[in-house]
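The values are calculated or read from the model by the stated rules, or taken from the named source; none is laboratory data. No experiment lies behind these values; they were computed from the predicted model shown. Here the Cβ positions follow ideal geometry from the backbone for every residue, glycine too, while neighbour counts run over all protein chains shown. Keep in mind that these areas ignore ligands, DNA and RNA; they rest on the heavy atoms of the full protein, side chains included. Shrake-Rupley method; radii C 1.70, N 1.55, O 1.52, S 1.80 Å.
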Protein chains: 2
Amino acid sequence: MDTISDGWFSELQAELWPGQAFSLKVKNVIHKEKSKFQDIQIIDTETYGKCLILDGIIQCTSRDEFSYQEMISFLPLFCHPNPKKVLIVGGGDGGVAREVVKHPLVEEVHQIEIDERVVELSKQHLPSMACGFKSEKLKLTIGDGFEYMKNHKNEFDVIITDSSDPIGPAVSLFNESYYKLMKHALKEDGIVCSQGGSFWLDLSYIKKTMLGCKEHFPKVTYAITSVPSYPCGHIGFVIGSLNKNQKFVNSVNKIDNFDIEALDLKYYTPEVHDAAFALPRWVQQSLMSVLN
Amino acid sequence: MDTISDGWFSELQAELWPGQAFSLKVKNVIHKEKSKFQDIQIIDTETYGKCLILDGIIQCTSRDEFSYQEMISFLPLFCHPNPKKVLIVGGGDGGVAREVVKHPLVEEVHQIEIDERVVELSKQHLPSMACGFKSEKLKLTIGDGFEYMKNHKNEFDVIITDSSDPIGPAVSLFNESYYKLMKHALKEDGIVCSQGGSFWLDLSYIKKTMLGCKEHFPKVTYAITSVPSYPCGHIGFVIGSLNKNQKFVNSVNKIDNFDIEALDLKYYTPEVHDAAFALPRWVQQSLMSVLN
């Protein structure tokens, strides 16, 4: 089925969010190709700016991407006392790299993205995100995240997984075996943060992912942020820490070490950090056995 | 334009949210009529249950309505030390009444709804919401909220305005003159809470509404909750208090007086209450002059 019809792009995904669809009015299709891994589309929209679409699913739009990129980056970074060396898995548009390199304690950022074409097309058409690739702190490798981590032990303080949804190429990034690999790539007290879906859609899948994380990480939690162009208007993150005394909320390292105002943030604040972990009662109850 | 096409209902609203649309797959149209005030549609959807639509805009769905109803009710009720007498303006589906009457300190709830047909159709087709009308605490009046309040001075502890969007019949409920009327209908230290739109859509309109509120209420704030079937996946509330020392966050009356577990809530928790007031940095900065 063609997802652009009558000038509107519609995000239909019967497996992940049956019976609902978000649509954006299209100004023009900037680029369309089938890479080795996925269908890539970049469109210009009437009111959400440029939009990157992989396999028919919106990855980011210029209008609201900062919420996702800032939160997936600064939630784990501000929970860690000294995040010197960071790994980004996925994130081919460059937006997460753009945020991570801002953190003054971060010295090195390594990124492993499977699809070179997403990086190239983002550099060409989404420069406000791809600017993240320009940082001297960043080393980008094209390849498979699983393979990459097998060769990197005890190296990273924080691993951020900016993946597409658990369907197609990214499905393994939601498995217990992926959390095991990340554990071995992390230094002592390391933290992982992964895209984790919406609690309105499939809470049992989130719970399964968190249980996989909990096999290897003593502290596991789930946080959310508002992103109108994602299904149900928000997205969650599964966060795990190897520090068994980890506090995610009101964590001491959030703001003490430097001036947060200098980071040029649009979404993240210390209050937004804490609020991200406040889950609705039915979600809290459903995840209680994993959260504690 | 017909908003149901190929078995999908699409919420197109070029004035309020241009260039974007949310769609729900329709099982069947349960009812459709033009009342004295608006177009009313009730549809059964594939994955969101029953859905009430007024003038083409989704008002509530069975799947996610509890988030809106609980938050518009309990945010103001738990900020007030003793909310004995409450007025609901609008709320013709009964969902807000269902929540407000649960509060053990609430003795009397008065509701003024302009469109009798919304009430009747909700009783017929949306019983899980309209059950709110059955409470002995509730007195429902059909009529105009403005007129009603002119005849009620110094009566209410809390006024909740559960209106449609600021287009068509509800537009006056966002004006400064409405806040003036509510002030006079309130007792000392009374609190108002109104549906206030999404910060992703028209932040300047939210600011204008809040400035209108601030003309009459010394303390004004804005809070949010996640509702996937609303534009941008969430909705905000403008809250004003006549108590110049009002604290909205960490307010003492949230949980001290009774067992919150007894209220049968699915969304609201004390942590969710506080989190609702944590606004993204750019929103906080834009509203700063009103919030302080």
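Quick notes
- Of all residues in the stretch B:8-24 being at pLDDT 95 or above and surrounded by fewer than 19 Cβ atoms within 10 Å (Cβ to Cβ), the one that is farthest from the other protein chains (Cβ to nearest Cβ): B:18
- For the stretch A:87-124, the tally of residues that are closer than 17 Å to residue A:34 by Cβ and assigned to a loop (DSSP other than H, G, I, E, B) stands at 3.
- Among the conditions (1) farther than 30 Å from residue B:26 by Cα; (2) facing chain A (nearest Cβ under 9 Å); (3) open to solvent by 10 Å² or more (accessible area, probe 1.4 Å), the only one that residue B:273 does not satisfy is (3).
- With respect to the conditions (1) modelled with pLDDT under 95; (2) within 13 Å of the chain's Cα centre (by Cα), residue B:146 lacks only one, and its number is (2).
- Restricting the stretch A:61-86 to residues that are part of a strand (DSSP E or B) and not hydrophobic (A, V, I, L, M, F, W, C) leaves a set whose member that is nearest to residue B:19 (Cα to Cα) is A:61.
- Out of B:242, B:181, B:201, sole residue that is away from every other protein chain (no Cβ under 13 Å) and either under 28 Å from residue B:285 (Cβ atoms) or open to solvent by less than 10 Å² (accessible area, probe 1.4 Å) (or both): B:242
- Hey, residue A:93 charged (D, E, K, R) and within 14 Å of chain B (Cβ to nearest Cβ) or not: no
- With respect to the stated conditions, residue B:61 fails to be among the β-branched types (Val, Ile, Thr), closer than 16 Å to residue B:227 by Cα and open to solvent by 10 Å² or more (accessible area, probe 1.4 Å).
- Qualifying positions in the stretch B:204-226 - in contact with a Pro (Cβ under 8 Å, 6 or more places away or on another chain) and closer than 27 Å to residue A:279 by Cα: B:226
- The stretch B:25-42, subset over 19 Å from residue A:9 (Cα atoms) and within 12 Å of chain A (Cβ to nearest Cβ), residue least open to solvent (accessible area, probe 1.4 Å): B:26
- Count of the stretch A:205-214 residues which are open to solvent by 20 Å² or more (accessible area, probe 1.4 Å) and either in contact (Cβ under 8 Å) with a residue 60 or more places away in the chain or in contact with a helix residue (DSSP H, G or I) (Cβ under 6 Å, 6 or more places away or on another chain) (or both): 3
- If the condition is being assigned to a loop (DSSP other than H, G, I, E, B) and open to solvent by 10 Å² or more (accessible area, probe 1.4 Å), then the stretch A:125-163 contributes A:135, A:136, A:137, A:143, A:144, A:151, A:152, A:153, A:154, A:155, A:163.
- Condition met for residue A:100 (free of Cβ contacts under 8 Å to residues at least 24 places away in the same chain and β-branched (Val, Ile, Thr)): no
- Scanning the stretch A:22-57 for residues that are in contact (Cβ under 8 Å) with a residue 40 or more places away in the chain and in contact with a Cys (Cβ under 6 Å, 6 or more places away or on another chain) gives a single hit, A:52.
- Under the condition of being touching a helix residue (DSSP H, G or I) at 6+ places or on another chain (Cβ under 8 Å), within 25 Å of residue B:215 (Cβ to Cβ) and modelled with pLDDT under 95, the residues counted in the stretch B:270-292 number 2.
- Top-ranked residue in the stretch A:250-269 [being surrounded by 15 or more Cβ atoms within 10 Å (Cβ to Cβ), more than 7 Å from chain B (Cβ to nearest Cβ) and within 18 Å of residue A:239 (Cβ to Cβ); ranked as modelled with the highest pLDDT]: A:251
- One residue stands out among those in the stretch A:215-233 that are open to solvent by 10 Å² or more (accessible area, probe 1.4 Å), part of a strand (DSSP E or B) and within 25 Å of residue B:200 (Cα to Cα): the one that is nearest to the other protein chains (Cβ to nearest Cβ), which is A:226.
- Hey, residue A:97 in contact with a Leu (Cβ under 9 Å, 6 or more places away or on another chain), modelled with pLDDT of 95 or more and within 25 Å of residue B:198 (Cα to Cα) or not: no
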